[in-house]
Structure formats: structure tokens, C-alpha cells
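The values are calculated or read from the model by the stated rules, or taken from the named source; none is laboratory data. Here the structure is a predicted model, which is why all the values come from computation and not from measurement. All Cβ positions, glycine included, derive from the backbone under ideal geometry; neighbour counts span all protein chains shown. The accessibility values were calculated without ligands, DNA or RNA, using every heavy atom of the protein model including side chains. Shrake-Rupley method; radii C 1.70, N 1.55, O 1.52, S 1.80 Å.
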Amino acid sequence: LKWLLRSLLLAALIVGCGREEQKQLNVFAWAKYVGDEIKSGFEDEFGIRVVVDTFASNEDLLTKMQSGVSGYDIIMPSDFMVAIMIKENLLVALDRQNIPNFKNISPQFRGKYFDPENRYSIPYTWGTAGIAYDSSIVTPPPDSWSVLWDEAYHRKFSMLDDTRETIGVALKLLGYSVNTVDPQELTAAKERLLEQKSLVKLYKSEADEGLSSGDVVMSHCWSGDALRSATARSSIKYVIPKEGTTQFIDTICIPQSAPHKATAEQFINYLLRPEINAKITEFTKYGTCVVEARNYVSEDLRNHPGIYPSENILSKFESLMDLGDFTPNYDRVWTELKAK
Ligand code: N2P
């Protein structure tokens, strides 16, 4: 009898899992990265519910994945975090047969340093970090990161709540690389950030929110979020400071712990259809990596330099790199800054 019960239970489990595979997809993404239209398009076509949770930084995403109990099928690490997650064996090798639309990805975004054969990651969006500001209040228009140290904006601006990006601003201001592994350069950056802290209203990665509401007049902000807030408040402008900045590629990956891997691949393939992919740009205001999608994007976005900057502008920016054993030094600076 015991044997019978156990087999029945097992059979029920197998059937259950099979069904489960088709019913729900759990996505862990950056804020405002997966729009309702994209979600419902997939839900209607495939009959699978899409549930989206959000994270605010790559470090938060990593911590969640390391805890091993996420239940997520899709995650969206940025470039350098993909490299870290591959090393830590947190990502599934993708089955390209299930993702034929991979062919739509522009060669410009394939084979990057963090995953040279795109075995684990599919590029989703790309963008830059810069300063978004209300041009009716912040005058003259800023052209340097140093405006974020200007007493005139005491507690009127926000910084990204992001270890590498925010330390990166201080490094750039000092003329250093955002990927420095020189302890003295990092210490100098820490000192600048400690000086700045009393001026900062808040550290927040969803910078568009404070800008749109008028809660802040200026933000260290990612490009798409700056454009999004400009839609809500037309006086918002975005500038890339003369000292240079970071550019990122955010990706789509499947974590080792994903309960619905096949569905996850189906979702990725759906996102890579040009007409669906265009909706990603429409909603997020970030450029995507699918060439043809540009044809389906509305005119104003298609020719927007903040979404499609020219090739020579892009080469001036730095990508964040995985700094290996040096990474804990950045984490310590960040913890110290936040604790002060
Ligand atoms: C979108 C956040 C952009 C992510 N809200 C930057 N890697």
C-alpha cells in the first residue's frame, strides 16, 4: 500500500510539475523594465501568467540568487554581473534551439567580454548613466559631475542606490577609471562620497520617480529613466558629464534554480521578435539590441540620441567590469558610506 501511495504521489507530482511548467513565469527585473503590454501579450498568446518582481541593483540581485531560494525563471543582470554569476555557477546554459530569434540580435551586442559566446545571456537593453535635471531650476545647465557636490543643491538631488555606479561617479570626477583596482584611488573616491553625503537627499535607483514628482530637481540617473521623467515633466533634460560615464548592457538570463526553464526560453524568444522588442524601447525608453526593432519604434524615439547614440559617442564610455577579488573593497566602501 505504501508503495502504491508513493507511486501515486510521485505521478501526481510529475503531472503537477508538467502543468506548472506551462502556467506561470516568474520574472525578476529592474523597475519598469517589463511593461504590461509585453506581459499580457505573452499571457494571451501562450496562456502563461507572467509575474514580475523588481530589484534595485546588481548587488541586490546577486544576494538574492546566492540565497538559493528565489523561484525566479528569468533574471536581468547587467554585463559585469553576468560574468560574476557565470563564475558562481548561478546561470543555466541556454538552449539556442529554443531561441531561434537570437538571430535578430545586432552583432554590435553579441559576444561581449562578460559572455563571449552568449551561452548564458541575451542582451535586453543598453543605456548610460548621467545627470537628469530640471532645466527650469538647475542653471546654468550642468556639464560636470561636480554639480553633484554643489552646495546650491543641498538635499535637492538623488544619487543611484548602486555600489558600482555611485562610486563610479566619484572615480570619474577624480579622472580615474570606474574599474580601478588601485586602493588609493578607491579611497580618494570614498572621501569624495563621504563629503557629498550630507548634500544628497536620497540614494535611489528608480530616479525617474523623484524627478517626475518634483521631489528632487536633479538626479544621478540612467538614460531611459531620465527620458521617462521627461515625458512626465517636459523641463527635465539629460546630460552626460564631460568627465565621461558608464554604459551598460542589461541582459536576460535563466538562473540555475529556475522552476520553469522551458517556459523561460519561450519567453526570451518572444521578447526577441522585432515588433515585441520595439515595445520594450517604447516602455522603458532604453535602446534594445534587436536591429529590426528600431523600425517599429515611434519616430521620436527612433532618432533619439539618448536611445541610439552614435558609435563614436559610445566608445567614450566605460563598461563596468567584474573586478574579481577586488570587488569586496567596493562593497566595503559602499557599506561604510550608507552607514554614515
Ligand atoms: C531601469 C533601470 C536601468 C537599469 N529602471 C540599469 N542597469
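Could I have the simple spin-label model distance between N89 and S298, label points 7 Å from Cα toward Cβ, reported in nm to one decimal?
Result for the modelled spin labels: 4.8 nm.
What does the accessible area per residue of region 235-298 come to in Å², with a 1.4 Å probe and no ligands, DNA or RNA counted?
33 Å²
Counting Lys and Arg as +1 and Asp and Glu as -1, each charge on the Cβ, what is the dipole of the chain about the Cα centre in debye, to the nearest 20?
The dipole magnitude comes to about 460 debye.
Taking a ≥ b ≥ c as the square roots of the eigenvalues of the Cα gyration tensor of region 146-265, is the shape rounded (a/c under 1.5), prolate (a/b larger than b/c) or oblate?
oblate
May I ask you to rank F157, F283 by accessible area, largest first, using a 1.4 Å probe over the protein chains only?
My answer, sorted largest first, is F283, F157.
Could you state how much accessible area Y120 has, in square angstrom rounded to the nearest 10, with a 1.4 Å probe and all protein chains kept in place?
50 Å²
Using a 1.4 Å probe on the protein chains only, how many percent of the accessible area of region 138-223 belongs to carbon and sulfur?
Taking all protein chains in place, region 138-223 shows 48 percent carbon and sulfur surface.
FRET efficiency for D331 and S146, Cβ-Cβ distance as r, R0 = 25 Å, nearest 0.05?
Efficiency computed from Cβ-Cβ geometry: 0.45.
Would you mind working out the accessible area per residue for region 20-129, using a 1.4 Å probe, and quoting it in Å²?
The answer is 43 Å² per residue.
On the full set of protein chains, 1.4 Å probe, figure out the accessible area of W30 and give it in Å² to the nearest 10.
Here the residue's solvent-accessible area equals roughly 20 Å².
For the chain, give the share of DSSP beta bridges that are antiparallel, in percent and rounded to the nearest 5; count only bridges with both residues there.
The antiparallel proportion sits near 55 percent.
How many lysine pairs does region 54-156 hold where the Cα atoms are under 30 Å apart and the two sit 8 or more places apart or on different chains?
For region 54-156, qualifying lysine pairs total 5.
Can you report the principal axis dimensions of the chain using only the alpha carbons, biggest first, rounded to whole angstrom?
If we take the Cα atoms of the chain, the spans are 77, 45, 36 Å.
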